[in-house]
1. Could you derive backbone 3J(HN,Hα) for the range 225-242 from the dihedral phi with the Karplus parameters 6.51, -1.76 and 1.60 (θ = phi - 60°), listing whole Hz in sequence and x where the residue is Gly or Pro?
2. Can you give me the long-range amide H partners of Thr186? Hydrogens built in the peptide plane at 1.01 Å from N, cutoff under 5 Å, separation of 5 or more residues or another chain.
3. Based on the alpha-carbon gyration tensor of the range 10-141, what equivalent-ellipsoid semi-axes (square roots of 5 times the eigenvalues) come out, in whole Å, largest first?
4. Given 0.36 nm per residue, what is the gain on full extension from Glu62 to Lys253 after removing their alpha carbon distance, in nm?
5. Tell me, what HN-Hα J-couplings in whole Hz come from the Karplus equation 6.51 cos²θ - 1.76 cosθ + 1.60 at θ = phi - 60° for each residue of the range 128-139, using x for Gly and Pro?
Amino acid sequence: MSDGHAGRPIVVGYDDSPESGQALGWALDEARLRGLPVLVCHALNWPYALRAVPKETVAQIERVALGVVDDGVSRARKLAPEVDVRPLLGRGTPAAVLLEVARAAELVVLGFRGLGGFEGLRVGSAAVQVPAHSVGPVVVVRPLLPPDGRDVRDVRIVAGLDGSPASLAAFDFALEEAALRGGALTALCCWGEHGSVPWEDPLPFVSSRALRSGAEARFREVVTQLAGRHPEVPVVTEFVTERAQRALIDSSKEATLLVLGNRGNESPACLLLGRVLQTALLEAWCPVAVTPAT
């Protein structure tokens, strides 16, 4: 359990969709490991705010929404009777409700899409908005698709690092997850094209090879320093000359969890989520944890 956060719940968004059911299972597993309660959260959102609505209609909608929450709590208690499970019905859009509750939560968990989407939708709006604005870590549960021959009992957490504050927070979260789950951690850094090939107009006294060597040395130094918090966790460093999107997606094929900062060094200020993270939310082969800068 994180120091100073005893009793803070793990919040899971639930709307009775198969994807939210997967998120519920992930949240319960995490709650067992951390010894924390789980808050099953559903959002009641009436889309016609400016229209008068009969009280009977409002009451009926509320009963349906409460039924969804009760179903989620009942399901959770059957799956994990040892976990303290609590209901919460919020009012507003799913993203707004989850973001508000996240302020007092240890972690937010949600499926990569919910009932509000359409057939063929690759990722829902809440799975983008919540990681973009949350003050704490968010786990977007994508279906775990193990390749043939993989031993699903092996726990391997992958963290992407580029030196940004959010990526350093991602490594801390990944290290804690590996320690909780008794697994190994892979720290992955990608040396992009802009640093691995000469510029059209080379800078004076600058060698791209020396830059790469210096960056790799600093990367391994930082990982060694951060990993000292959990010396029992096996940590592997990978410094690759490859586009970050492709390297991380490939790495997720054999991962239990992929952990990324919400915005990296390559992200323009106008982007709420970095391009690498956007790709991961769409294509990762495992759940994706997103951390803000701390």
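Read-outs throughout are calculated quantities, based only on the coordinates presented, and are distinct from any laboratory measurement. What you see is a predicted model; the values in this text were computed from it and never measured.
1. Working through the residues one at a time gives 5, 5, 5, x, 5, 9, x, 6, 8, x, 10, 10, 10, 10, 10, 10, 9, 6 Hz.
2. Those qualifying (amide H under 5 Å, at least 5 residues apart or on another chain) are Ile157, Val158, Ala159, Val236.
3. Equivalent-ellipsoid dimensions as semi-axes: 24, 17, 14 Å.
4. Gain in length upon complete extension: 64.7 nm.
5. Using θ = phi - 60°, the values come out as 9, 5, 5, x, 5, 10, 5, 7, x, x, 10, 10 Hz.
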